[in-house]
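Q: Mind looking over this structure? Questions follow.
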Amino acid sequence: MDPLLYLGGLVVMFLLWIKVKGLDYVIVHQRWIFVCLFLLPLSVVFDVYYYVRAWLIFKMCSAPKQHDQRVRDIQRQVREWRKEGRKAFMCTGRPGWLTVSLRVGKYKKTHKNIMINMMDILEVDTDRQVVRVEPLANMGQVTALLTSIGWTLPVLPELDDLTVGGLVMGTGIESSSHIYGLFQHICVAYELVLADGSLVRCTEMENSDLFHAIPWSCGSLGFLVAAEIKIVPAKPWVKLHYEPVRGLENICKRFTEASENKQNTFVEGLQYSLDSAVIMTGTMTDHAEPDKINRIGLHFKPWFFKHVEGYLKGNRPGVEYIPLRQYYHRHTRSIFWELQDIIPFGNNPLFRWLFGWMVPPKISLLKLTQGETIRRLYEQHHVVQDMLVPMKHLQAAITRFHQDIDVYPLWLCPFLLPPGRGMVHPKGQEEELYVDIGAYGEPKVKHFEAKASTRQLEKFVRDVHGFQMLYADVYMEREEFWEMFDGKLYHRLREELGCKDAFPEVYDKICKSARH
């Protein structure tokens with residue numbers, strides 16, 4: 001009983017300390033205590049529950065039967081909204097804190113919430129090479145199932161909790177995107193419930209305009225209820241080459257060459273300063289050299305970005321073989337490098353060995369418990385942005401990021417952008433190589449001011465015909481937003497499908513004013 005009494009005493013002292021100092025003080029200044037004691041164990045419970053649930057449903061083949069009933073229920077809710085006089089816009093009933101985006105949209109409090117409880121994988125068709133999934137199925141679910149049967153998505157975005165719906169209605173990218181494009185470009189069909197309650201299926205050939213308009217529309221054209229996504233055969237290992245590179249011009253040159261080489265299945269860059277980076281290229285393979293295997297997904301392994309930095313500090317190239325699923329989720333445990341600000345000692349070997357199996361905390365739980373104080377601090381002193389710019393402007397873009405925010409590491413991920421008529425496509429009629437520059441962390445420039453600095457970046461991205469990912473804080477005015485994105489098809493369909501009275505415009509859902 002002595003250990004239990006000791007533990008009980010510590011808990012009582014901790015609660016008294018919170019009472020004296022105040023919960024806001026503890027959450028802001030000693031947030032790691034709250035995260036380690038409460039959010040990490042709770043995150044494990046969440047993960048176990050959803051994993052077991054998904055496994056049972058798929059094994060029992062009950063998802064397709066339940067799916068049809070769920071679709072009918074959504075249609076019923078939409079028709080009820082129409083009967084009630086369409087008094088407010090509709091939106092999904094999923095709480096804002098459950099999304100991966102750090103933005104907290106407050107429109108859910110004033111809009112009609114349509115409950116959409118659809119989180120299952122419906123079918124894997126290896127003959128057609130597609131997987132059919134519901135919108136709340138996430139990347140962790142998808143990789144767990146597909147890799148176990150020898151298949152994978154051509155583009156499999158990094159974080160476990162990213163959902164299919166978010167990746168379709170927003171966007172998604174991975175280190176294979178220089179071959180396959182964005183997540184939207186591997187989707188072959190969408191099923192939506194429209195503003196009149198009807199169910200439609202759209203593909204490149206059927207309801208083609210709607211098929212092209214859905215990506216980046218953020219749920220402002222209808223409710224996604226299913227998507228069909230391409231799958232490709234998987235191999236068990238990724239052979240990954242690490243190449244440290246010095247000098248900004250040389251970094252951009254080598255990164256462009258690697259991205260243009262279609263022999264590379266995966267291409268990624270981590271830039272640690274203005275003139276130092278590690279460029280990684282990988283291929284899937286059936287066999288691994290035993291002495292070069294690195295199972296980076298094991299809980300006690302160093303965070304991946306720190307492991308990569310070792311090649312830069314040692315100024316040496318390297319080759320490793322990584323299990324495919326562990327490669328896909330290489331940045332998940334450290335949430336890229338965001339977790340170092342939440343648990344400063346999280347990469348300490350002792351912490352990794354003892355508690356690394358609980359990492360990371362769920363992003364949704366971090367949002368739910370952050371409070372207004374932390375939200376304001378993050379907004380003013382923290383950057384989470386992904387800017388998509390043409391590869392030919394990479395050097396100018398990195399220089400601008402350095403001048404305006406000075407956040408490192410930067411994530412560099414190339415992607416092929418084909419021509420199209422949706423919101424996002426190249427300026428011309430030919431495919432073009434772009435790069436996603438991801439900045440996540442605390443700016444080091446003395447003159448940083450969230451709104452002004454982000455607006456400078458946004459203007460640069462508009463000027464080079466780039467795009468800003470819409471999960472992040474957007475400070476553009478409406479005219480600037482529609483200068484960046486092509487709204488011709490989008491606005492025409494909103495008019496034709498009766499969306500103007502049913503759903504807010506995408507700008508109104510993601511701009512800063514949507515939070516007030």
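Q: Any chance you could check the Cα centroid distance between region 264-290 and region 120-158 for me, in angstrom?
A: 24 Å
Q: What FRET efficiency, computed as 1/(1 + (r/R0)^6) with R0 = 41 Å and r the Cβ-Cβ distance, is obtained for Leu16 and Lys446, rounded to the nearest 0.05?
A: Computed FRET efficiency for Leu16 and Lys446: 0.55.
Q: Right, next: Nearest 20 debye, what's the magnitude of the dipole of the chain about its Cα centre given +1 on Lys and Arg Cβ and -1 on Asp and Glu Cβ?
A: 1300 debye
Q: Kindly report, to the nearest 10 Å², the accessible surface of Tyr242 as traced by a 1.4 Å probe over protein heavy atoms only.
A: 0 Å²
Q: Would you please state which residues of region 219-238 a label at Asp73 would reach in this model, taking the label point 7 Å out along Cα→Cβ and a backbone N cut-off of under 13 Å?
A: Output list for this probe position: empty.
Q: How big is the antiparallel share of DSSP beta bridges in the chain, given as a percent to the nearest 5?
A: Within the chain, antiparallel bridges account for around 95 percent of the total.
Q: For region 62-233, give the magnitude of the charge dipole about the Cα centre (Cβ charges: +1 Lys/Arg, -1 Asp/Glu; no others), in debye to the nearest 20.
A: 1040 debye
Q: Along Cα→Cβ, 7 Å out, is where each label goes; now give me the distance between the ones at Asn261 and Val44 in nm to one decimal.
A: Going from the Asn261 label point to the Val44 one covers 4.2 nm.
Q: Which shape class, rounded, prolate or oblate, goes with the chain when its Cα gyration tensor gives a ≥ b ≥ c as root eigenvalues, a/c under 1.5 marks rounded, and past that a/b bigger than b/c marks prolate?
A: In terms of gyration-tensor shape, rounded.
Q: May I pose another question? First check a/c for region 385-497, with a ≥ b ≥ c the square roots of the eigenvalues of its C-alpha gyration tensor; if it is under 1.5, answer rounded, and if not, answer prolate when a/b is larger than b/c or oblate otherwise.
A: Oblate, since a/c reaches 1.5 and b/c is not below a/b.
Q: Okay, moving on. Grab the Cα-Cα distance for Val52 and Asn315, subtract it from 0.36 nm times how many residues apart they are, and report the gain in nm with one decimal.
A: Going from the current span to full extension adds 90.3 nm.
Q: Rounded, prolate or oblate: pick one for region 62-233, where a ≥ b ≥ c are the square roots of the eigenvalues of its C-alpha gyration tensor, a/c under 1.5 means rounded, and failing that, prolate if a/b is larger than b/c, else oblate.
A: Prolate is the answer for region 62-233, as a/c is 1.5 or above and a/b outweighs b/c.
Q: Check every DSSP H run in the chain and write down those whose alpha carbon atoms cover 24 angstrom or more along the long axis and whose mean Kyte-Doolittle hydropathy is 0.5 or greater.
A: Those that clear 24 Å and a mean of 0.5 are 2-21, 40-60.
Q: Here's another thing I want to ask about it. Of the accessible area of the chain, with the probe set at 1.4 angstrom, what percent is carbon plus sulfur?
A: 57 percent
Q: Find the centroid of the Cα atoms in region 167-202 and in region 336-408, then give the distance between the two in whole Å.
A: So the two Cα centres are separated by 26 Å.
Q: Leaving ligands, DNA and RNA out of it, rank Ile363, Ile437 by accessible area with a 1.4 Å probe, largest first.
A: Of Ile363, Ile437, the descending order of accessible area is Ile363, Ile437.
Q: Please compute the modelled spin-label separation between Glu431 and Phe345, points set 7 Å along Cα→Cβ, answer in nm with one decimal.
A: Modelled inter-label distance: 5.0 nm.
Q: Along region 340-356, what does the Karplus equation 6.51 cos²θ - 1.76 cosθ + 1.60 (θ = phi - 60°) give for ³J(HN,Hα), rounded to whole Hz, x for Gly and Pro?
A: Residue by residue, region 340-356 yields 5, 7, 8, 10, x, 9, x, 9, 5, x, 5, 5, 4, 5, 7, 10, x Hz.
Q: Now, a different point. Please compute the per residue accessible area over the chain with all protein chains in place, 1.4 Å probe, rounded to a whole number of Å².
A: 44 Å²
Q: Can you give the FRET efficiency to the nearest 0.05 for Lys253 and Tyr107, using r as the Cβ-Cβ distance and R₀ = 45 Å?
A: Given R0 = 45 Å and the Cβ-Cβ separation, E is 0.50.
Q: Another question, if that's okay. Give the peptides 481-487, 46-52, 166-172 in descending order of average Cβ contacts within 10 Å, highest first.
A: Ranking, from highest mean packing down: 166-172, 481-487, 46-52.
Q: Let me spell out the model: positive unit charges on the Cβ of Lys and Arg, negative unit charges on the Cβ of Asp and Glu, origin at the Cα centre of region 346-468. What dipole size does that give, in debye rounded to 20?
A: Using only the charged Cβ atoms, the result is roughly 280 debye.
Q: Run the helix sum for the chain: -39,500 (n - 2.57) per DSSP H stretch of 4+ residues, divided by residue count, reported at 222 nm to the nearest 500 deg cm²/dmol.
A: Computed ellipticity for the chain at 222 nm equals -11500 deg cm²/dmol.
Q: Moving on to the next point. Based on the Cβ-Cβ distance from Lys230 to Ile33, what FRET efficiency comes out when R0 is 41 Å, to the nearest 0.05?
A: 0.40
Q: Here is a follow-up. Between Pro349, Thr281, Ser177, whose Cα lies farthest towards the positive end of the dipole of the chain when Lys and Arg beta carbons carry +1 and Asp and Glu beta carbons carry -1, centred on the Cα centre?
A: It is Pro349.
Q: Students sometimes get this wrong: rank Cys218, Cys413 by accessible area, probe 1.4 Å, all chains present, largest first.
A: Cys218, Cys413
Q: Within region 380-428, list the trypsin sites (Lys or Arg not before Pro) lying in a DSSP loop whose Cβ has at most 15 other Cβ atoms in a 10 Å radius.
A: The qualifying sites are Arg421, Lys427.
The values are calculated or read from the model by the stated rules, or taken from the named source; none is laboratory data. Note that the structure is a prediction, hence the values are computed from the model and not measured. Methodologically, a virtual Cβ is constructed for each residue, glycine included, from the backbone with ideal geometry; neighbour enumeration extends over all protein chains shown. Ligands, DNA and RNA are stripped out before the accessible areas are found, and what is left, the full protein with its side chains, is counted by its heavy atoms. Shrake-Rupley method; radii C 1.70, N 1.55, O 1.52, S 1.80 Å.
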